[in-house]
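Everything below concerns the one structure shown next.
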Amino acid sequence: MSLEMTEPTLITQDTLIDSILDPYRALGPSLYEGYRSHAYRMLNFGRALALSDPKRDERLTVYSGISRPEMETSTLSKSNCVK
């Protein structure tokens, strides 16, 4: 097994992440874009740090889209968000 590090391709579009995050569009553009940016950041950092595996990207994508449980639409309001 090679542990050589290679420069990963930066992912900026993914249909699975976008479908997972789609319900959060109702929060408004600012909160949605912040959450979406966070998900893509987590995906790309994970890809950079994890060894290559056939299911790596799918697992990281799903985790990236659900990694912030405090973003539940039922409990989030603009008054409890940091500005």
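The values are calculated or read from the model by the stated rules, or taken from the named source; none is laboratory data. Quantities reported herein were computed from a predicted structural model and do not represent experimental measurements. Don't worry about glycine lacking a Cβ; one is built from the backbone with ideal geometry, like all the others, and counts go over all protein chains shown.
General remarks:
- Residues located in segment 18-34, provided they are within 26 Å of E58 (Cβ to Cβ) and of a type outside the set (A, V, I, L, M, F, W, C): D18, S19, D22, P23, Y24, R25, Y32, E33, G34
- Residues of segment 22-51 satisfying the condition of being farther than 21 Å from L10 by Cβ and among the acidic types (D, E): D22
- Within segment 31-58, residues that are assigned to a loop (DSSP other than H, G, I, E, B) have Cβ atoms under 6 Å from residues that are of a type outside the set (D, E) in these pairs: A50/R56, counting only partners at least 6 apart in sequence or on another chain.
- A count restricted to segment 45-78 and to residues that are at pLDDT 80 or above and touching a Pro at 6+ places or on another chain (Cβ under 7 Å) stands at 2.
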